[in-house]
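Here the structure is laid out as structure tokens; the discussion comes afterwards.
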Amino acid sequence: MATKDKLVNFTNRDLNDLKEELLKKYPPKVARKRAKQFMVNEATDGNPPEIQANVRTIPGIITMRGCTYAGCKGVILGPTRDIVNITHGPIGCGFYSWLTRRNQTKPESNDDWNFMPYAFSTDMSEHDIVFGGEKKLKQAIREAYEIFKPKAIAIFATCPVGLIGDDIHAAAREVKQDLNDKGVDINIFGFSCEGYKGVSQSAGHHIANNQIFSHVVGLDDDAKPAKYSINMLGEYNIGGDAFVIEELLNRCGIEINSTFSGNSTYDQFARAHTADLNCIMCHRSINYVAEMMETKFGIPWIKVNFLGVDSTAKSMRKIAQYFGDKELIEKVEEVIAEEMPAVEMALADIKPRTEGKTAMLFVGGSRAHHYQDLFKEMGMRTLAAGYEFAHRDDYEGRRVLGDIKVDADSRNIEELEVEACPTRFKPRKTEEEKAQLEAEGFEFKGYDGIMSDMSTDSLVIDDLNQYEADELVKRFRPDVFCAGIKEKFGIQKMGIPMKQLHSYDSGGPYAGFKGAVNFYKEIDRLVNSRVWSFMKAPWEKNPELSATFVWENN
Ligand code: CFM
């Protein structure tokens, strides 16, 4: 094992050698595939290297990814408090997608619906798999209606449902029709988000968003948006992030009309088309919704990031610049100025201890990028980063969108055909106004991806697996490793502090200025605690047996 010193001063040659060495363990076919997903971030002519992403994980590899159902039910619909989300499947699917990433919600009053403390499931058993589960599903929908009288019920298909062919959409239509005929105003719709439907969670986001777009967005035309009204897309209120962002923007006079989908409600989705700007936090999970809203209703979109102080201030200024009112622009500056002293104080305290430390980030489809800003502010260096399931545009920027090959797995996920709404399409800015803003340096629809923000002597790795994660930790000994619960204990057993960036462990919020201060303190505590160096597994103290993996060469 190389020493820490050596690997702090590594060259790109060392990184390429390491890549070769790690890939040698694989059978040649697997190595060839991984070689396209395991990149040294060497830019040629200013362009990051092409990376392969959004392709199937090779069976046998212990991936960090989750399933399509997790992306649909857990990620997109899970944080909505007033839709009853029924999982049609075995009990584990419902249970393990229930609040595990700590998405929070704040009902407006005691009478407000909040179904998030419940996990609804049809609890499929062998009997249902053999004889079909539609009857049970219809019963479950009726029961949920009888007990809770919600305004909407969503049904999620799991793997066995797809395998046995239960028609969840027919069940939803039938019960909805029946209840509507009895005078009940209820919306019921299904999601064909079987776990295996796509190569990762990403397919589930798409299925969820398509259905919300077709069944809910635009249903409420009576909403009266405020003067500065935006939608926040791709912000899921993990650890209360969305609360911090909302408070910050409200103080400036900017109203969040609808959030997809942190702290969200059915009514928010229904009135989403009335806002004047869409701001995208997590590009991966939702950029296509912004595109569809622009085409159908004329709402432009911009990329924002509220993780990191500089990015937060930049995002606030961008929103103000879009609306263009002097009063708003000044108010935003005032709020930023109010927040900065606390940030500067925290940084003055922690930075002497965090400066020069190193991090690795392997998270979903956007956080591995956004959180690097916070580490930069602490003077920390990102040695390696990557996404579990992002697409090439999240790595290389939207400029590669036209070059992405559509494979059979992507074709499996429906692309909605959207046109301008004949009655409600209203461009929020004229072409001249847009051109004027762009001339001032304002960027619509822009996202440059993770690679161009990372140093050219770092590693960018798609769909990192357990073997590679272990090796990276052994070679580089980073001061902190950021990923999820599946990685947490393996990494900690190697004596490296591990921070969950999905659920934030028990911490957060980390968004905005206040969140940044929380994050600085948490990371300072982790990277400077000596407890990790005391960690020794029993077999490290008394090695009795040793073994290596054997890969079958084909
Ligand atoms: Fe977007 Fe997310 Fe993420 Fe994501 Fe996720 Fe998540 Fe994530 Mo876990 S929507 S891509 S599917 S920012 S649940 S809130 S933390 S993997 S990086």
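The values are calculated or read from the model by the stated rules, or taken from the named source; none is laboratory data. Model, not experiment: these values are computed from the prediction. Ideal geometry is used to build each Cβ from the backbone, glycine not excepted, and the neighbour counts take in all protein chains shown. Side chains are part of the model used for accessible areas, which takes the heavy atoms of the whole protein and leaves out ligands, DNA and RNA. Shrake-Rupley method; radii C 1.70, N 1.55, O 1.52, S 1.80 Å.
Assorted remarks:
- The residue that is nearest to the ligand (Cβ to nearest atom), counting only those in segment 359-379 that are in contact with a Lys or Arg (Cβ under 8 Å, 6 or more places away or on another chain) and within 20 Å of K474 (Cβ to Cβ), is L361.
- When V30 is tested against (1) touching a helix residue (DSSP H, G or I) at 6+ places or on another chain (Cβ under 8 Å); (2) at pLDDT 95 or above; (3) surrounded by 16 or more Cβ atoms within 10 Å (Cβ to Cβ), only condition (1) is not met.
- Residue check, V175 of a type in the set (A, V, I, L, M) and more than 25 Å from N412 (Cβ to Cβ): yes
- Output for segment 250-268, where each listed residue is more than 16 Å from the ligand (Cβ to nearest atom) and either aromatic (F, W, Y) or in a helix (DSSP H, G or I) (or both): N250, R251, C252, Y266, D267, Q268
- Leading residue by the ranking (nearest to the ligand (Cβ to nearest atom)) among those in segment 79-118 that are crowded, with 17+ Cβ neighbours inside 10 Å, outside any helix (DSSP H, G or I) and of a type in the set (G, A, S): S97
- Subset of segment 373-395 (residues that are part of a helix (DSSP H, G or I), under 18 Å from D463 (Cα atoms) and open to solvent by 10 Å² or more (accessible area, probe 1.4 Å)): R392
- Residue satisfying all of: in segment 58-77; assigned to a loop (DSSP other than H, G, I, E, B) and within 15 Å of the ligand (Cβ to nearest atom); surrounded by the fewest Cβ atoms within 10 Å (Cβ to Cβ) among these: R65
- Residue match in segment 524-532 (condition: within 16 Å of the ligand (Cβ to nearest atom), in contact with a helix residue (DSSP H, G or I) (Cβ under 6 Å, 6 or more places away or on another chain) and farther than 30 Å from K29 by Cα): no
- Segment 299-335, subset open to solvent by less than 10 Å² (accessible area, probe 1.4 Å) and part of a loop (DSSP other than H, G, I, E, B), residue farthest from V217 (Cα to Cα): G308
- Among (1) open to solvent by less than 30 Å² (accessible area, probe 1.4 Å); (2) away from the ligand (no atom under 16 Å from the Cβ) - the single one I147 does not satisfy: (1)
- E194 being out of contact with any His (no Cβ under 9 Å at 6 or more places or on another chain), closer than 30 Å to D505 by Cα and within 16 Å of the ligand (Cβ to nearest atom): no
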